[in-house]
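Participant: Once you've had a glance at the structure underneath, I'll fire off some questions.
Quick note: the coordinates plus some simple rules give every number you see, no bench work behind them. Since we're looking at a predicted model, the values are computed, not measured. Every residue, glycine among them, receives a Cβ derived from its backbone with ideal geometry; neighbour counts consider all protein chains shown.
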Amino acid sequence: MMFAVVSNETEHIDNQTLVAKVSCLETTVSQQKERIKWLEKQLFGQKAERIPIKGDANQASLFDDAAIEESKVESVTVPAHKRKKRKKEENRQPLPAHLERVEEYIKPDFDTTGMVKIGEERTEILEREPAKLYVRVLIRSKYADGE
């Protein structure tokens, strides 16, 4: 039989490195277990929005009776005023006049002979082509019977 002679000093160094590696691996394993536990909770557990968090002083309850009573107490009276309704055309700001206008005429699908043109509607739409802005004006003729 052959025996290898190992000095006590190298055996002591090997034990220290092995103990350090084992403790490092144990720390890594415990961190990975915590990560897996957290991920499983996120994937399979209840969502935080569905259950109320109790005991959090910074989070107000949605159905807290005290908060509802406080909001009723704090009422503000606003003086009455009349609101002026604007016409439909006034709601939109006019498009700038310096933009190029491309007019498209939309004709009715039916025969307009014997009808009198009574007006037209104009709709301006801001269009964009790569590196170019222009205003597309749709003009629809209105007709009524000439009789």
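Participant: From the backbone phi of the range 136-141, what are the Karplus-calculated ³J(HN,Hα) couplings (6.51 cos²θ - 1.76 cosθ + 1.60, θ = phi - 60°) in whole Hz, Gly and Pro given as x?
Facilitator: Calculated HN-Hα couplings, in order: 9, 9, 9, 10, 10, 7 Hz.
Participant: State the extension gain, in nm to one decimal, for the chain segment bounded by S30 and Y134, taking 0.36 nm per residue of separation less the distance between their alpha-carbons.
Facilitator: So the chain would gain 31.0 nm between S30 and Y134.
Participant: Can you give the net charge of the other residues whose Cβ lies under 11 Å from the Cβ of T112, counting K and R as +1 and D and E as -1?
Facilitator: Net charge around T112: 0.
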